[in-house]
Structures are given as C-alpha cells and as structure tokens.
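Working notes, structure below.
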Ligand SMILES: NC(=O)c1ccc[n+]([C@@H]2O[C@H](COP(=O)([O-])OP(=O)(O)OC[C@H]3O[C@@H](n4cnc5c(N)ncnc54)[C@H](O)[C@@H]3O)[C@@H](O)[C@H]2O)c1
C-alpha cells in the first residue's frame, strides 16, 4: 500500500532532473504519472530536456509498476497545456497532484540581460506556471481535491547578483501560488511552493559527473551555510512528497530546501 495509491500526478519538466526524481518518488508511493516536457528550442547555455529523456523517465516509472504517460509539451503554449490536462483526465480518470516544475535559468549582470532572455525566463518560469495552474484548477475544483506544488528556488527568497531575471520569475511564482491558495482554500485544494537551493541536475551541471563546479555553483556554495555545492534531486522530492501527502492543512506555504539559506531570510 502506497501513500498515493489511486492518485494521478501531472509533472511539467518531468523528462529529467528534479521532475524525473519527482515522477519516481510519487510512482513509488502508488501514483500514476503524466510527465510533460521537451519544449521548443530556447537560446540558453545548456540543452533542454528531449523526447528521449521523456521516454527514459517513462520507462523508469513503469518499472515501478505505475502507468506513465509522456507528453511533448511547452508550458509557454496555453492551448497545449489545456490539452495535456484534458488528456490526463481522459486517460487516467483524474488530476490529483500538479507539480509545476518546468523552468529555465540564465545568468549575467542585469544590464546585459537581453529582451529575448528576459522573455524566455518569464514565459516559462512564471507564465508557464500560470498556464499550468489555470488548466488544472477547474478539474481539481470539480473533484474537490487537489495538491498543487510549484517549484520556485532559494532565488525566489532573496536577491542574488547576476540572477535578477531568474529570481524575479521565482519570486513571482510564490505570489501566484499564495494567491491561488487563498482562492481555493475552501475547496479541498492546497497550493504550496518548494524552494530548492542549487540542485545537481543538467540545469547547473550540463556536462554531468562530479567535475569542478561552474561559476553558478561556486556562487551558490558561498550562499549555502551548510557547505555543500548542491543537493540531490531526491532531496527535493522528499519535500514534495511531504506536501502532496498532507491531509489538507498546509497551504500557501513555502518549503525551503536550502542548505541553511532559510536562516538568512525573514
Ligand atoms: N538545479 C537547480 O540548481 C535549481 C535550483 C532551484 C530551483 N530550480 C528549479 O527547479 C526546476 C527543475 O529544474 P532542474 O534543476 O530539474 O533542471 P533541468 O534543466 O534538468 O530540468 C528542467 C526541465 O524543465 C523543462 N522545461 C524547460 N522549459 C520548459 C518549457 N517551456 N516547457 C516544458 N518544459 C520545459 C526542461 O526541458 C527540463 O527537462 C526548475 O523550475 C528550476 O528553475 C533548480
């Protein structure tokens, strides 16, 4: 018997990294899973998740005995997000858990951030979360049940030099989630946020392995009171599991998984 037997989870950015770890963690507790990823190309310094990554994750989830539907999706496209949510409900019968995890990063001094970079970050990290929330909320309202978790960042809790555009999107996610939490508080739906610090995924370590950390990681290491360059995706999944198995009393909360960074804010 798992904690999530019979539940259906929809995870954006589910092809790899934290999204893949979340898919495996929820499936291990009995949930059936939809993973959505493999967006249109963007102008970034690292590659995005692919359809091959989606298939690999689906295979790993199925090996745990769960159903897993991979959907090629770009969260910047509202019609596609609506269609993916409709497909989830028609194929698996419900949408109980939403993990709005898709995100992209770009670093650099504010006066060098181009409009293209700004728009890519806003369109995915903030507008994409909005599209996902908007598509899932009516389904959860009808069910009178839902567990929504959005992935912000420790960058959504503080200023960090050369991450201004990224951090602005991640602060925005928290405002969006807290406001929705209040809108649906009487309807059996909780909305919470997780804020990981640097996490070992292709976003910060595109080459893989344990090589010398890049500039971003070195900066974050300075920011982490617990002196580690990063946490593992599974560390974030434990926080996610806590929030989605809650009986319905935790909403509008922000869970920092921040190697002690929480001690420096508020
Ligand atoms: N890795 C870190 O250090 C770190 C720290 C704090 C927060 N985060 C956040 O965690 C989340 C997961 O990132 P990760 O660390 O697993 O990195 P990742 O790059 O491995 O995974 C992100 C996934 O999101 C997908 N994605 C990006 N834009 C998309 C779009 N428009 N539509 C659909 N899918 C899209 C990517 O293809 C990728 O598979 C992101 O929101 C990220 O901003 C990451």
Quick check: is even one residue across region 104-121 in contact with a strand residue (DSSP E or B) (Cβ under 7 Å, 6 or more places away or on another chain) and closer than 18 Å to residue 18 by Cβ?
-> no
Go through region 105-154 and count every residue that is more than 15 Å from the ligand (Cβ to nearest atom) and at pLDDT below 95.
-> 1
Within region 27-51, can you find the residues that are away from the ligand (no atom under 15 Å from the Cβ) and in contact (Cβ under 8 Å) with a residue 40 or more places away in the chain?
-> 27, 29, 31, 32
In this structure, does residue 247 turn out to be part of a loop (DSSP other than H, G, I, E, B) and without any contact (Cβ under 8 Å) to a residue 24 or more places away in the chain?
-> yes
Can you name the residue in region 1-23 that is away from the ligand (no atom under 13 Å from the Cβ) and modelled with pLDDT of 95 or more and, of all such residues, is nearest to the chain's Cα centre (by Cα)?
-> 9
Would you pick out the residues in region 159-184 that are in contact with a strand residue (DSSP E or B) (Cβ under 9 Å, 6 or more places away or on another chain) and either at positive phi or outside any helix (DSSP H, G or I) (or both)?
-> 184
Name the pairs: first residue in region 144-168 and over 30 Å from residue 245 (Cβ atoms), second residue part of a helix (DSSP H, G or I) and more than 11 Å from the ligand (Cβ to nearest atom), Cβ to Cβ under 6 Å, at least 6 apart or on different chains?
-> 164/110; 165/118
Could you run through region 52-86 and say how many residues are outside any helix (DSSP H, G or I), surrounded by 14 or more Cβ atoms within 10 Å (Cβ to Cβ) and free of Cβ contacts under 8 Å to residues at least 60 places away in the same chain?
-> 11
Is it the case that region 87-104 has a residue that's in a loop (DSSP other than H, G, I, E, B), within 16 Å of the chain's Cα centre (by Cα), surrounded by fewer than 21 Cβ atoms within 10 Å (Cβ to Cβ) and within 11 Å of the ligand (Cβ to nearest atom)?
-> yes
Name, by its number, the condition in (1) in contact with a helix residue (DSSP H, G or I) (Cβ under 9 Å, 6 or more places away or on another chain); (2) closer than 21 Å to residue 176 by Cα that does not hold for residue 79.
-> (1)
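The values are calculated or read from the model by the stated rules, or taken from the named source; none is laboratory data. Everything quoted here is computed from the prediction, not taken from an experiment. For neighbour counting, all protein chains shown are included, and Cβ atoms are generated from backbone atoms with ideal geometry for every residue, glycine included.
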